[in-house]
Amino acid sequence: MVRRGAGAFVAAAVLVAIGPSCNALTSVDDVEFTGSSTAGTGAASGSVGSGGPGGAGLTGGSGSGGCAGVISDGVCCDIACDGLCLACTEAKTGLPDGTCAQVKAGTDPDGDCSAGEVCAAGVCHSCSDGVQNGDELGLDCGGATCGACAEDCTNGTDDNNDGLADCADPICAGYTCAPAPPAGWTGPALLYTGAGPVPACATGFPTSTFGGTGALDAPPATCGCSCSSPPTGASCGIPSVTLYDNDTCTGSNDIKTPASAGTCLQVATTDIWNSAVGAPVPVIGGACTPSNVVVTKPPTSFSDQALVCAGATPGLCADPSTVCVPKPGAPFGLTACVSHTADIPCEGSAYTQKHVLYAGVTDTRDCSACACGAATGISCTGVTHLFHGGSCLNLVADSNHDGSCEKSAASEIKSIKFEPTGGPTGGNCPQTGGQAVGGVTGSGATTVCCMP
């Protein structure tokens, strides 16, 4: 009941009879009086004064017997009971008449509240005003007038007022108590490993770390390298001839080499040579030009992809060394994990199963410079004429420098002369560079240790 003004009262209807021998209320409805009165014999004193808009007010009065407190709600109340959502009758408060108290939660018997509101805990409120007020246990929930609050399993509070908080509440069956992470580690967390595709993090785990794990497939670089062909810069030299003292190219011999092509060389003064074998025409010099190396690096991949989901807000558990977090479940591993940057050993006795995932790779694959070896296969040809006369007269045979034995048809050999017939032609150079070097290693390591 609300007093509408100092020294005033509100009345819907008032009938008062005052006489010399009694002071009694014939009818009072929602009337508040101040002062004192006594019932019984004797004269009554006091007066009826002017009230506010609600009607006349009654003050004063004396006599034997009556209310020693304040008349409120039509009863004698222990105190002035004119506050918001207060009343002094059992019907309104649930307490004996005469006791000023808050009206029953969820009611508004005296119209103290605005439309859509009721009294609770001595104030007006509604269950849809977006404010935690009245006897609400949460925002627009709980208490005697609003629906039960949902249990937040990670805030350390008994939200639904059942005496159980977080993991202790059966409502939190989707949560579990996991060991708190070692100092410096992040978690508890969830770990997914597989060929992919990588799933989204489960509800309650807002942060994610991606990476590759398992075997690293990193084929070596392929190197494109070649040498120019045929070689350039080669020339043909002057071949030697081995002379023998018989016609079978065996026995005593002497090796002779003309000074230059077309020059006659006398090979016998006192010696007698009857056969000859010409050595191959020598090749002088020759080289190939290496190409620029072309490096091709095949793609790299890990055998599995990994996802670590962390950042869960931890709730309370009965064991203070554990925290309440959402239960791991498929497609993630079925046990909780913790993570730490870099490749380091697991710590403690709870999280012992180690995994390492890598954010990327360090790729040092390359090729050595392209190079070419000595030229081979260059061909020079020529013929050495064998003469009986000492001044390269009287030709008796020719050596083609193919390793065959040439013998004088009639008499001994006394002079020789070399004539080139072709070359240099052909040839190539072996590739000696362009070899694969380097390799690939994982980078940006994260260690994840899980419960067994």
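Computed quantities for the displayed model
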{"read-out": "Dipole of the chain [Lys/Arg +1, Asp/Glu -1 at C-beta], most positive-end residue of GLY134, THR248, PRO280", "value": "THR248"}
{"read-out": "Highest average packing first - 186-196, 295-305, Cβ atoms within 10 Å", "value": "186-196, 295-305"}
{"read-out": "Kirkwood hydrodynamic radius (C-alpha pairs) into Stokes-Einstein, the range 367-422, 10 °C and 1.306 mPa s, D in µm²/s", "value": "116"}
{"read-out": "Gain in span if fully extended, LEU164 to LEU393, counting 0.36 nm per residue against the direct Cα distance", "value": "69.7 nm"}
{"read-out": "Counted charge near ASP97, where neighbours are those whose Cβ lies closer than 9 Å (Asp, Glu -1; Lys, Arg +1)", "value": "-2"}
{"read-out": "The range 290-359, relative contact order in percent, only Cα pairs under 8 angstrom and at least six apart counted", "value": "15"}
{"read-out": "Evaluated over the range 245-337, the Cα radius of gyration and Dmax, each in Å", "value": "44.3, 121"}
{"read-out": "Residues THR446, THR425, sorted so that the one with the fewest Cβ neighbours within 10 Å comes first", "value": "THR425, THR446"}
{"read-out": "Cross-link reach list, aspartates and glutamates versus LYS92, counting only Cα pairs under 19 Å and skipping chain neighbours closer than eight places", "value": "ASP29, ASP30, GLU32, ASP73, ASP78, ASP82, ASP108, ASP110, ASP112, GLU117, ASP135"}
{"read-out": "Computed over the range 357-452, Kirkwood Rh from alpha-carbon pairs, angstrom", "value": "19.7"}
{"read-out": "Over the chain: helical MRE at 222 nm, DSSP H runs n ≥ 4 each giving -39500 (n - 2.57), nearest 500", "value": "0 deg cm²/dmol"}
{"read-out": "Rg/Rg_globular for the range 307-409, with Rg_globular taken as 2.2 N^0.38 Å and Rg from C-alpha atoms", "value": "3.33"}
{"read-out": "Rough spin-label spacing in nm, given labels placed 7 Å along Cα→Cβ, for LYS354 and ILE272", "value": "9.2"}
{"read-out": "Relative contact order (percent, whole number), the chain, Cα cutoff 8 Å, 6+ residue spacing", "value": "15"}
{"read-out": "Only Lys, Arg (+1) and Asp, Glu (-1) charged, at Cβ; the chain dipole about Cα centre in debye", "value": "2120"}
{"read-out": "Principal axes of the range 129-180: Cα extent on each, largest first, Å", "value": "39, 17, 15"}
{"read-out": "Length gained when the stretch THR300-ALA121 is fully extended (0.36 nm per residue, less Cα-Cα span)", "value": "57.7 nm"}
{"read-out": "Inter-label distance, nm, simple model (7 Å from Cα along the C-beta direction), THR364/ALA342", "value": "2.0"}
{"read-out": "Relative contact order, percent, the range 350-452 [alpha-carbon distance under 8 Å, six or more residues apart]", "value": "50"}
{"read-out": "Amide H within-cut-off set for ASP304, under 5 Å, with H built and near neighbours excluded", "value": "THR213, ALA215"}
{"read-out": "Segment ALA183-ASP254, length gained on full extension (0.36 nm per residue, minus Cα span)", "value": "16.4 nm"}
{"read-out": "PHE387, PHE210 arranged by Cβ crowding within 10 Å, fewest neighbours leading", "value": "PHE210, PHE387"}
{"read-out": "Whole-Å semi-axes of the ellipsoid equivalent to the chain (Cα gyration tensor, √5λ, descending)", "value": "128, 21, 12"}
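Bear in mind these aren't lab numbers, they're just calculated from the coordinates by the rules spelled out. If you're wondering where the values come from, they're calculated on a predicted model, not measured in any experiment. Every residue, glycine as well, gets a Cβ built from its backbone with ideal geometry; the counts of neighbours run over all protein chains shown.
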